[in-house]
Amino acid sequence: MPTTGHSRWQMPLEKQWDCRFVSKGGKNIVAGILELAEASGLAADLPSDLPATLSALFAYRNKMLHFGFEWPNSKRNAFAKTIVEQHWPQEWFSQWTSDGKPFIFYLTDAYVDLCLKTINSIIPGLGKFLRKNRRPRRRKS
């Protein structure tokens with residue numbers, strides 16, 4: 001059940017359920033997903049490592065969609081720095097280097113397995129949430 005006092009429900013109606021938007025303004029899909037889960041009451045049934053897993057996944061995805069494997073030097077260096085700053089486990093990404101600097105990043109099998117495990121833990125969490133919040137059906141007379 002949605003938390004009535006949550007700032008998410010003060011947003012324009014067309015943005016309330018759109019996970020690309022956050023109540024503080026702007027777009028951030030990871031923050032939007034997490035905020036929507038919190039506002040709806042779903043967060044308690046989601047894996048605790050979801051924020052980091054999603055942040056890493058979307059950061060990598062965005063770079064790959066925009067640049068393919070040939071990221072500009074500044075983007076490669078920034079991504080390497082982000083890995084450290086966000087404290088993402090080193091086993092999530094591997095990289096090929098040139099002259100000691102990152103050249104290409106890859107998702108590791110360990111991270112792909114984590115993403116699959118995360119999906120498999122979200123599904124039962126959604127089921128639990130739905131059972132807990134299901135409204136009784138009205139009988140037709």
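Suppose we filter 47, 51 for residues that are within 20 Å of residue 92 (Cβ to Cβ), of a type outside the set (A, V, I, L, M, F, W, C) and either in contact with a His (Cβ under 9 Å, 6 or more places away or on another chain) or not in a helix (DSSP H, G or I) (or both); which single one remains?
Working: 51 fails: either in contact with a His (Cβ under 9 Å, 6 or more places away or on another chain) or not in a helix (DSSP H, G or I) (or both).
None of the others qualify; the one that does is 47.
For the condition surrounded by 11 or more Cβ atoms within 10 Å (Cβ to Cβ), among the hydroxyl-bearing types (Ser, Thr, Tyr) and within 30 Å of residue 23 (Cβ to Cβ), what is the one hit in 82, 108? So that I can check it myself, show each step before the final result.
Values: 108 fails: within 30 Å of residue 23 (Cβ to Cβ).
None of the other options fit; the residue is 82.
Look at residue 104 and say whether it is out of contact with any strand residue (DSSP E or B) (no Cβ under 6 Å at 6 or more places or on another chain) and of a type in the set (A, V, I, L, M, F, W, C).
Details: out of contact with any strand residue (DSSP E or B) (no Cβ under 6 Å at 6 or more places or on another chain): no; of a type in the set (A, V, I, L, M, F, W, C): yes.
For residue 104, the condition - out of contact with any strand residue (DSSP E or B) (no Cβ under 6 Å at 6 or more places or on another chain) and of a type in the set (A, V, I, L, M, F, W, C) - is not met.
Here is a yes/no grid of residues against (1) in a helix (DSSP H, G or I); (2) loosely packed, with under 13 Cβ neighbours inside 10 Å; (3) not assigned by TED's automatic domain parsing to the domain that holds residue 106:
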| site | (1), (2), (3) |
| --- | --- |
| 19 | no, no, yes |
| 37 | yes, no, yes |
| 58 | yes, no, no |
| 65 | yes, yes, no |
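Select from the stretch 119-132 the residues that are of a type outside the set (Gly, Ala, Ser) and within 23 Å of the chain's Cα centre (by Cα) and list them in ascending order. Don't jump to the end; show me each part of the working.
From the stretch 119-132, those of a type outside the set (Gly, Ala, Ser) are 119-120, 122-124, 126, 128-132; that's our starting set.
Within the stretch 119-132, 119, 120, 122, 123, 124, 126, 128, 129, 130 meet the criteria.
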Contact list, first residue from the stretch 84-111 and part of a loop (DSSP other than H, G, I, E, B), second anywhere and among the hydroxyl-bearing types (Ser, Thr, Tyr), beta-carbon distance below 6 Å, six or more apart or interchain, is 108/94
Quick check: anything in the stretch 52-65 among the basic types (Lys, Arg) and either in contact with a strand residue (DSSP E or B) (Cβ under 9 Å, 6 or more places away or on another chain) or in contact (Cβ under 8 Å) with a residue 40 or more places away in the chain (or both)? yes
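The values are calculated or read from the model by the stated rules, or taken from the named source; none is laboratory data. The model shown is predicted, which means the values in this text are computed figures rather than measured ones. For neighbour counting, all protein chains shown are included, and Cβ atoms are generated from backbone atoms with ideal geometry for every residue, glycine included.
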